[in-house]
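Notes follow once the structure below has been shown.
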Amino acid sequence: METSAIIPILRIFDVAKAKEFYIDWLEFTIDWEHTFDAHAPVYMQISKGTAVFHLSEHYGDGTPGAGIFIWCTGLEAYQQQLLNKNYKYFHPGLETTFYHSLCMNVIDPFGNKLSFNEKLNETEN
């Protein structure tokens with residue numbers, strides 16, 4: 001057996017709030033969205049670069065408060081871009097970690113934590 005991708009499922013409770021956070025603010029893209037009918041919960045896939053998540057309103061699809069660790073590049077520029085949007089619910093900072101990374105943590109409206117990390121050169125810390 002070989003695996004090709006690991007896609008975390010994050011529980012959400014409000015599609016509009018999820019889209020405001022993930023699409024409008026973090027600038028992820030909706031790859032697809034599914035619902036069985038107008039009264040059924042939404043299940044969707046979003047992505048940004050190689051980061052792919054499923055967001056689900058379905059009962060039993062994950063527990064709020066999940067943590068996702070994301071390696072990335074260009075983190076300082078991305079953080080500044082987010083700050084410039086003046087999102088009223090979150091103003092993320094940057095920190096240098098013990099594992100030689102620059103880190104920005106954001107928490108979605110449902111308690112899920114996304115930790116964006118960029119490896120630092122050994123001479124930068």
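The values are calculated or read from the model by the stated rules, or taken from the named source; none is laboratory data. In this text the structure is predicted, and so the values were computed from the model without any measurement. Cβ coordinates were reconstructed from backbone atoms using ideal geometry, including for glycine residues, and neighbour counts include every protein chain displayed.
Kindly list, by first and then second residue, each pair from a residue in region 18-30 that is touching a residue at least 24 places away in the same chain (Cβ under 8 Å) and within 15 Å of Ser56 (Cα to Cα) to a residue that is among the charged types (D, E, K, R) and crowded, with 21+ Cβ neighbours inside 10 Å, limited to pairs with Cβ atoms under 9 Å and residues at least 6 apart or on different chains.
Close Cβ pairs satisfying both conditions: Ala18/Asp108; Phe21/Asp108; Tyr22/Asp108.
Spot the failing condition for Trp32; the list is (1) surrounded by 13 or more Cβ atoms within 10 Å (Cβ to Cβ); (2) assigned to a strand (DSSP E or B); (3) not aliphatic (A, V, I, L, M), and only one is missed.
(1)
Condition (residue is over 16 Å from Asn117 (Cα atoms), modelled with pLDDT under 95 and touching a Phe, Trp or Tyr at 6+ places or on another chain (Cβ under 9 Å)) applied to region 89-106: is it met by at least one residue?
yes
Criterion first (surrounded by 11 or more Cβ atoms within 10 Å (Cβ to Cβ) and touching a helix residue (DSSP H, G or I) at 6+ places or on another chain (Cβ under 6 Å)) does Val42 satisfy it?
yes
Tally up the residues in region 102-118 that are surrounded by fewer than 18 Cβ atoms within 10 Å (Cβ to Cβ) and polar (S, T, N, Q), please.
So the count comes out to 2.
Answer yes or no as to whether Gly67 is of a type outside the set (Val, Ile, Thr) and either on the phi > 0 side of the Ramachandran plot or in contact with a Pro (Cβ under 8 Å, 6 or more places away or on another chain) (or both).
The answer is no for Gly67.
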